[in-house]
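Written below as structure tokens is the structure these notes are about.
Every read-out reported here was derived from the displayed coordinates using simple, explicitly stated rules and does not represent laboratory data. Being a predicted model, the structure only gives us computed values, none of them experimental. All Cβ positions, glycine included, derive from the backbone under ideal geometry; neighbour counts span all protein chains shown.
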Amino acid sequence: MVTYVYSANWFHGIESVFDIIYIVVALLITYFSYKGYKYIPKKNYLYFAFSFFLIAASFFIKMLSDITIYSRGLAEKSVEVDVVKSYVIQRIDWVYNIQFYGFIFARFLVLLAFLMLLVVALKIRDKKIIGLLVYLMVVTALYSEFSFVAFHITLALMLLFLAAHYWKSYKKQKKGNSKFVFMAFFAIFLSQVVFSFVELSQSVYVVGAVLQLIGYLLLFYTIVLVLKK
């Protein structure tokens, strides 16, 4: 049996809107980070820009994968492969392959993006450690189709470290920007924790998506504050 598990039917269109917001916010951060790098040539700005470009690409690929599945009417359906006609099986396999590879690649990109942010924030310089972490991200992404909990928990741990870093930065410098960045990463961290329990109820997925949206909107608000200065 091939099973597809997604959010509630009524949430499909809303989720696509959320994805577009994530993409726009990530691209804005990419743009302004790159402008910062051109003005002050510090590699941290460049890494920050590239990380959020990967996040934007990740959500774009995810959105395309979602649209492919939803447009075929396969959401929330289980298909008994041994009792359907061959042409139906082929069609399902084709769509499933797009979904499978699309989500794997999207998850790898987002893991790599937040890993880069973590490496910059924690000032990890040892290339062997970075290489090991990248390897672990690849393994997590490859097996995330079979254990999505591992993906969300791995991402949650990285976000927790990022949130803790910016909380310490805020307590030390008392800058409002650091506070909002902390709140943003903490909200996204909570969303990943919630996503790991999505099998319990479709409502859980919606809660996670809303928390994630709040996190990215807080990042957008931080950009607005920076531009006002």
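Structure notes:
- Packing rank of 54-61, 15-22, where each peptide gets the mean count of other beta carbons within 10 Å, highest leading: 54-61, 15-22
- Between L217 and F161, residue separation times 0.36 nm minus the direct Cα-Cα distance comes to 18.2 nm.
- With θ taken as phi - 60° and the Karplus curve 6.51 cos²θ - 1.76 cosθ + 1.60 applied, the whole-hertz 3J(HN,Hα) list for the range 184-192 is 5, 5, 5, 5, 5, 4, 4, 4, 5 Hz, x standing for glycine and proline.
- Approximating the spin labels as points 7 Å out from Cα along Cα→Cβ, the N44-to-I67 distance works out to 3.8 nm.
- The range 116-229: C-alpha gyration tensor shape, a/c 1.5 cut-off, then a/b vs b/c: oblate
- Segments 35-41, 217-223 sorted - mean Cβ within 10 Å per residue, highest first: 217-223, 35-41
- Shown is the FRET efficiency for L200 and K175, computed with R0 = 45 Å from the Cβ-Cβ distance and rounded to the nearest 0.05: 0.70.
- Checking the Cα-Cα distances for K38/K128; K43/K128; K123/K175; K123/K168 against a 18 Å cut-off, the pairs over it are K38/K128; K43/K128; K123/K175.
- Computed label-point distance, nm, for sites V17 and I124 using a 7 Å Cα→Cβ extension: 3.7 nm
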